[in-house]
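Below is one structure, written out as structure tokens; the observations come after it.
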Amino acid sequence: MQQAAFPKPPDRRLEQILSPNHPLCKEDVVWVLEFVKKKVAEQDPRLLDLPQPRLLRNFQHFAEAATMLLQRRPSCVNEADRLRTALVEATYGLLDPAPPRRER
């Protein structure tokens with residue numbers, strides 16, 4: 001049996017990776033870039049609803065994240081923060097808003 005490409009639900013994994021408390025690794029960055037690429041190829045309706053200037057910003061940040069991945073200096077904290085910001089911006093619109101939590 002083949003292992004699923006996304007062992008966790010994709011939105012949940014994306015939220016985890018984009019969390020400021022999560023230490024970024026190369027595999028996470030590649031996963032996010034592949035996730036965005038897949039959503040663009042599938043013509044995800046959430047992307048189609050975004051205005052063109054926002055889509056261009058998404059692409060700009062996608063390209064920035066990909067370039068930073070190639071040039072990344074793993075020990076530089078500022079670079080990691082910039083990379084996470086680029087990933088957040090590149091995925092803008094792809095996460096559904098979280099459902100309201102019920103209070104007990």
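None of the figures in this text is laboratory data; all of them are computed from the coordinates on show. The model shown is predicted, which means the values in this text are computed figures rather than measured ones. Here Cβ is always computed from backbone atoms with ideal geometry, including for glycine, and neighbour counts include all displayed protein chains.
Need the full-extension length gain, ASP11 to GLN71, defined as separation in residues times 0.36 nm minus the C-alpha distance. One decimal, nm.
Numbers: separation 60, 0.36 × 60 = 21.60 nm, distance 2.71 nm.
Full-extension gain reported as 18.9 nm.
Give the calculated FRET efficiency between ARG82 and LEU50 to the nearest 0.05, with a Förster radius of 22 Å applied to their Cβ-Cβ distance. Before the final figure, lay out each step's value.
Values: r = 23 Å, r/R0 = 1.03.
Computed FRET efficiency for ARG82 and LEU50 comes out at 0.45.
Any idea what the relative contact order of the range 26-90 is, in percent, if you count C-alpha pairs under 8 Å spaced at least 6 apart? Don't skip to the answer; put the middle values down first.
Values: 34 pairs, mean separation 27.9, N = 65.
Answer for the range 26-90 is 43 percent.
How many nm separate the modelled label positions at LEU95 and ARG57, each set 7 Å beyond the Cα in the direction of the Cβ?
In this crude label model, LEU95 to ARG57 measures out at 1.6 nm.
Could you give log10 I(q)/I(0) at q = 0.16, 0.29 Å⁻¹ for the range 26-90, computed by the Debye formula over C-alpha point scatterers of equal weight, without solvent?
Each listed q maps to, in turn, -0.52, -1.31.
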